[in-house]
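Visitor: Right, I'll just put the structure down here and ask away after.
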Amino acid sequence: MITVTPTALGGVLVVEPRVFGDHRGFFMESFNRREFADATGCGAEFVQDNHSRSGRGVLRGLHYQINQPQGKLVRAIAGTIFDVAVDVRKSAPTFGKWVGVELSAESHRQLWVPAGFAHGFLVMSESADVVYKTTDYYAPEHERCILWNDPAIGIDWPDGVACPLLSSKDAAGVRLADADVFA
């Protein structure tokens, strides 16, 4: 059975699978649809798996799709990341608030980021492989990006992130006040 811990943002959950380890290594179910639905109350249907590899100091995000919004179940299978979700639902009492969780290959923790939230992560280890399941297909025409350092959000990124490595798309992100958001 998985363990689910709510965060300060309603719907964003830390998911910890049961890990069986011994002198040979470990075994775990990284996802079991029935257990996930029972533990979270969310009947998410995943349609796409993504895998990225990044070096230390790479920051990806804060991304979301304004149409075809995606829920994401995120985990690090190598290395360590600081994973962030930002509420971009204008009508939510937590609009513009964020939560951050360290995910690592060693902890096996996952973060469930429902649709309606922007998502991003910072690589804290020498490199990291991140995999995530999505509830809708990638649609670049609907993708939006909020600036990682928007002072209105005020994400407290881990030390040493004065100048993260960004893609040109992420560097051109907009402030939350200027972003397309959900009603």
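Read-outs throughout are calculated quantities, based only on the coordinates presented, and are distinct from any laboratory measurement. No experiment lies behind these values; they were computed from the predicted model shown. Heads up, the Cβs are rebuilt from the backbone with ideal geometry, glycines too, and the neighbour counts pull from every protein chain shown.
Visitor: Would you kindly state how much longer the chain becomes between Ala139 and Ala152 on full extension, computed as 0.36 nm times their sequence separation minus their alpha carbon distance, in nm to one decimal? Numbers along the way, then the final one.
Guide: Numbers: separation 13, 0.36 × 13 = 4.68 nm, distance 2.70 nm.
2.0 nm is the gain from fully extending Ala139 to Ala152.
Visitor: When only DSSP loop residues count, what GluC sites (Glu not before Pro) in the stretch 16-97 have their Cβ near at most 14 other Cβ atoms within 10 Å? Show your work: numbers first, answer last.
Guide: Details: sites: Glu29, Glu35, Glu45; in loops: Glu29, Glu45.
Sites meeting the loop and neighbour criteria: Glu29, Glu45.
Visitor: Can you compute the charge dipole magnitude of the stretch 47-178 about its Cα centre, using +1 on each Lys and Arg Cβ and -1 on each Asp and Glu Cβ, nothing else charged? Give it in debye, rounded to the nearest 20. Walk me through the intermediate numbers first.
Guide: Details: 13 positive and 15 negative charges, 45 e Å.
Dipole about the Cα centre, nearest 20: 220 debye.
Visitor: For the stretch 90-183, which chymotrypsin sites (Phe, Trp or Tyr not before Pro) are both in a DSSP coil and crowded by at most 15 other Cβ atoms within 10 Å? If you can, show how the numbers build up before the last one.
Guide: Values: sites: Phe95, Trp98, Trp112, Phe117, Phe121, Tyr132, Tyr137, Tyr138, Trp148, Phe182; in loops: Phe95, Tyr137, Tyr138, Trp148.
Loop-located and lightly packed - Phe95, Tyr137, Tyr138.
Visitor: Could you work out the relative contact order of the chain? I mean the mean sequence separation of Cα pairs under 8 Å and 6+ apart, divided by the number of residues, in percent. Could the numbers behind the result be given before it?
Guide: Details: 419 pairs, mean separation 51.4, N = 183.
It comes to 28 percent, rounded to a whole number.
Visitor: Here's something else I'd like to know. Mind listing which GluC sites (Glu not before Pro) in the stretch 82-136 are in a DSSP loop and have 15 or fewer other Cβ atoms within 10 Å? Each step should come with its number before you reach the end.
Guide: Details: sites: Glu102, Glu106, Glu126; in loops: Glu106, Glu126.
Those satisfying the criteria are Glu106, Glu126.
Visitor: Along Cα→Cβ, 7 Å out, is where each label goes; now give me the distance between the ones at Val47 and Ala172 in nm to one decimal.
Guide: Output for this residue pair reads 2.6 nm.
Visitor: Now a separate question. What dipole magnitude, in Debye to the nearest 20, does the stretch 24-67 give about its Cα centre under +1 on Lys/Arg Cβ and -1 on Asp/Glu Cβ? It would help to have the intermediate numbers written out before the result.
Guide: Details: 6 positive and 5 negative charges, 70 e Å.
Its charge dipole is roughly 340 debye.
Visitor: Karplus couplings for the stretch 92-97 from phi (6.51 cos²θ - 1.76 cosθ + 1.60, θ = phi - 60°), rounded to Hz, Gly and Pro as x?
Guide: So the J values, rounded to whole Hz, are 7, x, 9, 3, x, 8.
Visitor: Moving on. Running a GNM on the chain with Cα contacts under 10 Å, which residue among Arg144, Arg60, Arg34 ends up with the highest mean-square fluctuation?
Guide: Result: Arg34 has the largest fluctuation of those listed.
Visitor: In whole angstrom, note down how far apart the Cα centers of the stretch 1-40 and the stretch 55-108 are.
Guide: That distance is 17 Å.
Visitor: Let me ask you something else. So if each residue of separation counts as 0.36 nm, and I subtract the Cα-Cα distance between Glu16 and Leu165, what length gain in nm does that give?
Guide: Values: separation 149, 0.36 × 149 = 53.64 nm, distance 2.91 nm.
This chain segment gains 50.7 nm when fully extended.
Visitor: Let me know the whole percent of all Cα-Cα pairs from the chain that are separated by more than 19 Å. The partial results should precede the final answer.
Guide: On the way: 9442 of 16653 pairs.
Percentage above 19 Å: 57.
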